[in-house]
Every structure is written in structure tokens, then in C-alpha cells.
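Notes to accompany the following structure.
The values are calculated or read from the model by the stated rules, or taken from the named source; none is laboratory data. Note that this is a predicted model, so its numbers are computed, not measured. Cβ placement follows ideal geometry from the backbone for every residue including glycine, while neighbour counts extend to all protein chains displayed. Accessible surface areas use protein heavy atoms only, side chains included; no ligands, DNA or RNA. Shrake-Rupley method; radii C 1.70, N 1.55, O 1.52, S 1.80 Å.
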Amino acid sequence: MSEKPLVLYRCPNPTNVLCPCGAVARRLGKLGLEYRTERVPYRRSGRPEIQELTRQKRVPVLVDGDQVIHDSKRIIQYLEWKYPKDARVQDA
């Protein structure tokens, strides 16, 4: 696993069902990865930290050490590539 903790910036939606942020959270859980959640306001104008990280205001955004990935599909592809479940089971 990475040296710095994974951080998922996501909308304030309380469930992991209704939005792309939830899809990323579900995948993180499925892969058994520990991460910290930072919830940002629904209004995009209230997301200066997201704009600073990605030059846009949409979530989800995943920070993995020096890597900053936005867009739920890209995040899920990155997680599957970097943290393949089979490799973690063999290392345990």
C-alpha cells in the first residue's frame, strides 16, 4: 500500500449508492483499502480545494500520495491497476 493514506474527496451524499462518488467508495471497500473521506459541498463554488488539486470542481477525486485522479471511471481503473486484489491476497 502507499506510504501516504488514500484520500477520497466526495460529495456529501450519505450513501454509496446514488452517485459516482459512491461507486469509488464501494470499489475502495471491495479492494480492502483504507482511505480517508473528505466531503465537499454540493455547490461547486464551495470546492476551492478540488479546483486547486485538479483545475476543475467535480468530484470524486482520489489522492494517492503524489497521484491525483479525478473522474470515477478513471479512479476505478487506477485502483484496479495499482491495487489488484489477487496481488494483495498473495502478499498477506
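Some points to look at:
- Among residues of the range 58-87, those that are in contact (Cβ under 8 Å) with a residue 60 or more places away in the chain, surrounded by 12 or more Cβ atoms within 10 Å (Cβ to Cβ) and in a loop (DSSP other than H, G, I, E, B), counted: 1
- Contact annotation: no residue pair with Cβ atoms under 8 Å, 6 or more positions apart or on different chains, pairs a residue in the range 33-57 that is touching a residue at least 12 places away in the same chain (Cβ under 8 Å) and open to solvent by 60 Å² or more (accessible area, probe 1.4 Å) with a partner that is acidic (Asp, Glu) and in a loop (DSSP other than H, G, I, E, B).
- Selection over the range 14-31 of residues that are crowded, with 16+ Cβ neighbours inside 10 Å, free of Cβ contacts under 8 Å to residues at least 40 places away in the same chain and not small (Gly, Ala, Ser) gives a count of 2.
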